[in-house]
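Worksheet: one structure, shown below.
Just so you know, all these numbers are worked out from the coordinates, no wet-lab data involved. This is a predicted model, so every value here is computed, not measured. Ideal geometry is used to build each Cβ from the backbone, glycine not excepted, and the neighbour counts take in all protein chains shown.
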Amino acid sequence: FEQQKNLRGLTQAHSNVGNIHNLMDNKDKALTYALQSLETAKAANVKSSIAYSYRLLGRIYRKQGKPDESLTAYKNAQELYQSLLSKREVGETRVSVGNIYFDKAQYANALNEYRAAIKILKTIPDTLNMTYGYMAVAESYVQLKQYQKAKDYLDTTIRLSIKKNILPLRMDSYGVLSDI
C-alpha cells in the first residue's frame, strides 16, 4: 500500500496491525500503528476510517490506563459515526464510553451511556451488542446498589443470551445474579 500510495489500504493495514499489537499487549507498538492509521485516514479523508482509528485509540488508551485520553478518542469516533448515521458503530462506541466511566467508578454516567447505546441498538438487528449492553446496565445498577433494577436487566440478558446462544454471557449473568 505504501508503494502504491493507497492511503485507504494503508489505513486499514495500520489499524489491523495496531489491533493485533493491542491484543498481544504490545501497548507502545499498538499506539504507534493506531496513530499512523489515524494520520493516513485523515490524509485519505475517509470519515469511517478516521472514526475507526479513534475507536482503536480509545481501546489502546483504556488498556494503558489513560481514561481521559480514551474518552476523548471515543467521543471523536462517536461524533464521526453520528455524522455518518452509522447506528451500530454509535451504539458500540457509546458502550465503550460507558466502560470508561465504569472504570472510573462513575456508574451513573456509565449507566446513561449504556442505556443510550441500548436505545440505538434496539433500532437495528443487532441482538448481540444489545445483549452486552443489557449486561453492562445490570452491572452498573449493582454498583449503584439498585439490585431490583439490576435483576430486571439480568433477566433480559439471560433471556437474550439463551436466544443467541452466548454461553459466556449467560454464565456471567448468573454469576452477577448470584452476587445480588
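Could you grab the relative contact order for segment 74-180? Cα pairs under 8 Å, six or more apart, rounded to a whole percent.
19 percent
Quick one: grab the alpha carbon gyration tensor of segment 62-180, order the square roots of its eigenvalues as a ≥ b ≥ c, and give me rounded if a/c is under 1.5, else prolate or oblate depending on whether a/b is larger than b/c.
In terms of gyration-tensor shape, oblate.
Just flag the trypsin sites (Lys or Arg not before Pro) in segment 1-36 sitting in loop per DSSP whose Cβ has no more than 11 other Cβ atoms within 10 Å.
Counting only loop positions with at most 11 other Cβ atoms within 10 Å, the trypsin sites (Lys or Arg not before Pro) in segment 1-36 are LYS5.
Among 124-132, 161-169, how do they line up by average Cβ neighbours within 10 Å per residue, starting with the highest?
124-132, 161-169
Given a cut-off of 23 Å, name the pairs among LYS47/LYS75; LYS122/LYS164; LYS47/LYS164; LYS42/LYS75; LYS27/LYS66 whose C-alpha atoms lie farther apart than that in the structure shown.
The pairs that break the limit, which is 23 Å between Cα atoms, are LYS47/LYS164.
Rounded to whole Å, give me the distance from the Cα center of segment 2-68 to that of segment 120-152.
29 Å
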